[in-house]
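Visitor: Just dropping this structure here.
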Amino acid sequence: MNMNTQSQLLKSFDNQSPFHNALCDSDEIGAFEALWLGEDVKSSKGIATKFKSFPEASHADLIDNETMIKEHAKRVYDIFDKERIKPSLILRSTYNYPKRLNDAQYPVSLMYARGNINFLEEKSAVAVIGTRTATDEGKARTKRLVKILVDEGFIIVSGLAEGIDTVAHQTAINNGGKTIAVMGVPISRYYPTKNRDLQDEIAKNHLLLSHVPVLRSYQQQDTRKLNFFFPERNSIMSALSQASIIVEASDTSGTLIQAKQALKQGRQLFILDSCFNNSDLKWPHQFLAKGAIRVKEPEDIIKNLG
């Protein structure tokens, strides 16, 4: 990649962020993607382990092949150009990396971002999460809860999935609040596809994040082998938030992954009272015994968050 081409690619990145110059590092992108394509990296744990051994290193320091780094970076830029998106980067080695992410068991080393990165500087963020197959009652509770949280000045964090996540994001937007969506797919894809307009709205006026490598995901034909990115997404959502609030979930819901992470990370975990009233569910009482807080009224959350 010649200097003129690289300069043009860097200029294509989102310049609305005050961190623009620090973030536009094509070598870090190329090296990050190369690490994920390597045989010894199966999850974020693999990269986190590498950085634990070399805490001052950059991604590029871990790849001894400059040509490959440049080639991978160009492929990523080509995909972004094709999809007409302009992500920024959040890197573990830069000052804009949220310190809260270090509370995760295996902190992500890079995230692609679209939207207002300044949202990450605000501490009043709570995750509102739940099942993809939400009931009408669950959706109504989510709307009521999120409106109250927005009125209190909280940023709403969720995972852009169908069901509770979608209602949480949309309610925050409709009530003039701020929302952060953490994806379990690459920043260049729409998921779920029915949320295309919502995803575009968040990317434009709020904040959209993805820790998922672009090239590995496009190269992997069997998408089931990429499912582990969703639990990692839950860990990120929990780490970014003061607390996680579960509106509705089954005993086998992926939402419970975030519940476990929240407690491990020293975050507050709130569970709506309706979950306890469902005699078929075992998990609410199990997490209550581990330190979760039972919520009978939304004000219970406000009171506990101070």
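Visitor: Given Glu248, Glu232, which one is in contact (Cβ under 8 Å) with a residue 60 or more places away in the chain, more than 18 Å from the chain's Cα centre (by Cα) and within 27 Å of Ser210 (Cα to Cα)?
Guide: Sole residue among the options that is in contact (Cβ under 8 Å) with a residue 60 or more places away in the chain, more than 18 Å from the chain's Cα centre (by Cα) and within 27 Å of Ser210 (Cα to Cα): Glu248.
Visitor: Take Thr179 and tell me if it is open to solvent by less than 10 Å² (accessible area, probe 1.4 Å), modelled with pLDDT of 95 or more and β-branched (Val, Ile, Thr).
Guide: Taking the combined requirement at face value, the residue satisfies it.
Visitor: Out of contact with any strand residue (DSSP E or B) (no Cβ under 9 Å at 6 or more places or on another chain), open to solvent by 20 Å² or more (accessible area, probe 1.4 Å) and not in a helix (DSSP H, G or I), is that true of Thr49?
Guide: no
Visitor: Exactly one of these conditions fails for Thr252: (1) assigned to a helix (DSSP H, G or I); (2) out of contact with any Pro (no Cβ under 8 Å at 6 or more places or on another chain); (3) open to solvent by 20 Å² or more (accessible area, probe 1.4 Å); (4) among the β-branched types (Val, Ile, Thr). Give me its number.
Guide: Unmet condition: (1).
Visitor: May I pose another question? Go through the stretch 261-306 and count every residue that is outside any helix (DSSP H, G or I), open to solvent by less than 30 Å² (accessible area, probe 1.4 Å) and among the β-branched types (Val, Ile, Thr).
Guide: The number of residues fulfilling the criteria is 2.
Visitor: Something else: Does Thr94 count as at pLDDT below 95, farther than 18 Å from Asp300 by Cβ, touching a helix residue (DSSP H, G or I) at 6+ places or on another chain (Cβ under 9 Å) and not hydrophobic (A, V, I, L, M, F, W, C)?
Guide: Details: at pLDDT below 95: yes; farther than 18 Å from Asp300 by Cβ: yes; touching a helix residue (DSSP H, G or I) at 6+ places or on another chain (Cβ under 9 Å): yes; not hydrophobic (A, V, I, L, M, F, W, C): yes.
Criteria met by Thr94.
Visitor: List the pairs whose first member sits in the stretch 254-271 and is among the polar types (S, T, N, Q), whose second member is in a strand (DSSP E or B) and surrounded by fewer than 19 Cβ atoms within 10 Å (Cβ to Cβ), and whose Cβ atoms are under 7 Å apart, counting only residues at least 6 apart or on separate chains?
Guide: Here the result reads Gln268/Ile293, each pair linking the stretch 254-271 to a residue that is in a strand (DSSP E or B) and surrounded by fewer than 19 Cβ atoms within 10 Å (Cβ to Cβ).
Visitor: Being open to solvent by 40 Å² or more (accessible area, probe 1.4 Å) and touching a helix residue (DSSP H, G or I) at 6+ places or on another chain (Cβ under 9 Å) narrows it down to one residue among Asn65, Asn118; which is it?
Guide: Values: Asn118 fails: touching a helix residue (DSSP H, G or I) at 6+ places or on another chain (Cβ under 9 Å).
Just a single option satisfies the conditions, and that option is Asn65.
The values are calculated or read from the model by the stated rules, or taken from the named source; none is laboratory data. The structure presented is a predicted model; accordingly, all values stated were derived computationally and were not measured. As a convention, Cβ positions derive from the backbone with ideal geometry for all residues, glycine included, and neighbour counts pool all protein chains shown. All accessible areas refer to the heavy atoms of the entire protein, side chains included, with ligands and DNA or RNA removed. Shrake-Rupley method; radii C 1.70, N 1.55, O 1.52, S 1.80 Å.
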